[in-house]
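Here's the structure, in structure tokens; my notes come after.
The values are calculated or read from the model by the stated rules, or taken from the named source; none is laboratory data. Being a predicted model, the structure only gives us computed values, none of them experimental. Cβ coordinates were reconstructed from backbone atoms using ideal geometry, including for glycine residues, and neighbour counts include every protein chain displayed. Note: accessible area is taken over every heavy atom of the protein model, side chains too, but ligands, DNA and RNA are not part of it. Shrake-Rupley method; radii C 1.70, N 1.55, O 1.52, S 1.80 Å.
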Amino acid sequence: MLTELVLTTSLSDSTIQVWDFRTGTLLTSFKQNICYQHGLALIPFPGQPNRVGLIIAAQCDKALLHVYSWQKDQPYRKIICPEKLVSVTISNQGAYCACGTDNGKIYIWELSTGILCRVYDAHYKKISVLKFTDDDTALISGSEDAGVNVWLTCSILNVSTDESPAPFHSWSEHSLPITDIICGIGSFRTARVLTSSLDHTCKLWDLSSGHLLTTFVFPTAINAIALDPAERMFFAGGRDNLIYQVNLYRKLENRTYNASGQPGFEITAVGGVGVVEDVASEHDDKRGLIFRGHGMPITTLSLSYDATLLLSGSQDETVKVWDIASRQMIKNFTHLKGPIVNIQTFIKPPDLFNLGLSPAKIMEQPIQQFKRTQGISIKEDSEIEESVIMVLGDNTKEIDIYNYNCNSQVVASYESLDLQKTKSTQNKFRNGDATTMLQTQVSELQSELIRIHGHYQHVKGLHDEMYQELVTDFISKRRAEGN
């Protein structure tokens, strides 16, 4: 049976605590950690996004990343960084670590090798939150400059140019610092993104087009959000100590009647095409869409795996567990000291079942020290063709193909691989004999044309034979019927 756990951290307490939030049992804890909100992330095993192998946290007071394994309560590895980091996220397949800084820079490391893939200026102010999309094709960053940028993964990992990557989308509709970002399920073409800000709004975006779908206006600044896995509703934690439930679909009665004589109804989506929804006018105690119980502003939210329970952390130093259907508080944890800054729920990993075994019998997930300088050169086209193609699948029935060289450095995907081959061909023309290169390409094209023409003639011959047989058979049957 799967067991759900919750990981909690505080801004004053130097321990990370892991609980079974259904029973209230403390399973384990980790020491020497003080991190900001969004400064902690769970590292999955490669190819197993639902199995948590390690925990990584950016320390508030030092340019350090602490990595924790399930077998030790002390840091498993301390990684020295080029500068102090304030926000951390891990790609869903466990391949990359993205970190943000106070001055708006983003660092991208490859976890398996520790290679610094890219560092670039992404915002003007502190990067408050980073999130990868569900299929890892894009990285979304939110900042205190009130901007939200969407960066294509293939663009920020393309080190063939020294130019800083340009965002695929740049959303500037918020007017105050961004506090949280949630990316919905699905591929890049179908996913939606929810952002929250201190400007009293949450905004819902279409990821592929970049269009603003709906703006939700609240009576208070929003510190944290949580999105239902089926995207039926979302929850917003405010600075007025309340948690707001916002339904993304409405049930509307129509003039039709069903077989029992009852009036029919239809389900319609809320908002769309930039509509503004006033949440303050819809949420009151009669409708029961408000969770009350915290004594200070809400700081972080998380949902259980089946979306039946909501977990909330607050500056009142408590973590509360709510039943969503009844909106009643069922558990209250008061063991941490100081404001709660991180709550993350996950499935209990197999490593926690093996606590107490000797280290020789336990296989720890490897992680390399992160390099502090970016110095990986791009391979030539001839070397790219000799590298290994790895297929990383996801549950969206789409396939992303990444080309890895011998150093496990991502070189290209569909579009960037074509672009890199084109650039390589241009370099060959510049550095070599252009006439010889043209003659070689013409010869190759002529050979290909001859081969295709041969296939065409073969297929045409088969078609003529089949047609002749069908016509002969048809005429024979007609003659037989006439006789």
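Restricting attention to region 154-171, the residues being open to solvent by 30 Å² or more (accessible area, probe 1.4 Å) and within 22 Å of LEU212 (Cα to Cα) number 4. Candidates are the residues of region 184-215 that are polar (S, T, N, Q) and touching a Ser or Thr at 6+ places or on another chain (Cβ under 9 Å); the one that is surrounded by the fewest Cβ atoms within 10 Å (Cβ to Cβ) is THR190. The number of residues in region 228-238 that are open to solvent by 10 Å² or more (accessible area, probe 1.4 Å) and modelled with pLDDT of 95 or more comes to 0.
Within region 321-341, the residues that satisfy the criterion of being buried (at least 18 other Cβ atoms within 10 Å of the Cβ) and under 16 Å from THR28 (Cβ atoms) are PHE333, LEU336. The residues on offer are GLY94, GLY104, and the sole one that is touching a residue at least 40 places away in the same chain (Cβ under 8 Å), in contact with a Ser or Thr (Cβ under 7 Å, 6 or more places away or on another chain), farther than 24 Å from LEU309 by Cβ and not charged (D, E, K, R) is GLY104. Within region 144-153, identify whether any single residue is at pLDDT 95 or above, part of a strand (DSSP E or B) and either among the charged types (D, E, K, R) or surrounded by fewer than 18 Cβ atoms within 10 Å (Cβ to Cβ) (or both), and answer yes or no. Looking through region 144-153, none of the residues is at pLDDT 95 or above, part of a strand (DSSP E or B) and either among the charged types (D, E, K, R) or surrounded by fewer than 18 Cβ atoms within 10 Å (Cβ to Cβ) (or both). When we screen THR373, THR345 for residues that are outside any helix (DSSP H, G or I), under 26 Å from LEU42 (Cβ atoms) and modelled with pLDDT of 85 or more, the only hit is THR345.
For every residue, the table says whether it meets (1) more than 23 Å from GLU4 (Cα to Cα); (2) not in a strand (DSSP E or B).
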| site | (1), (2) |
| --- | --- |
| PRO44 | no, no |
| GLY53 | no, no |
| ASP61 | yes, yes |
| VAL67 | no, no |
| GLN71 | no, yes |
| PRO75 | yes, yes |
| TYR107 | yes, no |
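Looking only at region 172-200, which residues are of a type outside the set (Val, Ile, Thr), farther than 14 Å from GLY210 by Cβ and outside any strand (DSSP E or B)? Within region 172-200, HIS174, SER175, LEU176, PRO177, GLY184, GLY186, SER187, LEU198, ASP199, HIS200 qualify.
Evaluated against (1) within 18 Å of ASN223 (Cβ to Cβ); (2) under 17 Å from the mean Cα position of the chain (by Cα), PRO177 falls short on exactly one condition, (2). Among residues of region 1-29 that are acidic (Asp, Glu), those with a beta-carbon under 7 Å from a residue that is buried (at least 20 other Cβ atoms within 10 Å of the Cβ) and assigned to a loop (DSSP other than H, G, I, E, B) at least six positions away or on a different chain give the pairs GLU4/PHE21; ASP13/LEU336. Scan region 97-131 for residues that are open to solvent by 20 Å² or more (accessible area, probe 1.4 Å) and touching a helix residue (DSSP H, G or I) at 6+ places or on another chain (Cβ under 8 Å) and the total you get is 0. Report whether or not TYR76 is aromatic (Phe, Trp, Tyr), touching a strand residue (DSSP E or B) at 6+ places or on another chain (Cβ under 6 Å) and surrounded by 21 or more Cβ atoms within 10 Å (Cβ to Cβ). No: the conditions fail for TYR76.
When SER408, SER416, SER424 are checked against the criterion of being under 28 Å from THR161 (Cα atoms), in contact with an Asp or Glu (Cβ under 6 Å, 6 or more places away or on another chain) and either modelled with pLDDT under 50 or open to solvent by less than 80 Å² (accessible area, probe 1.4 Å) (or both), SER424 stands alone in meeting it. How about region 137-184: which of its residues are hydrophobic (A, V, I, L, M, F, W, C) and touching a Pro at 6+ places or on another chain (Cβ under 7 Å)? Within region 137-184, ALA146, VAL150, TRP151, ILE156 qualify.
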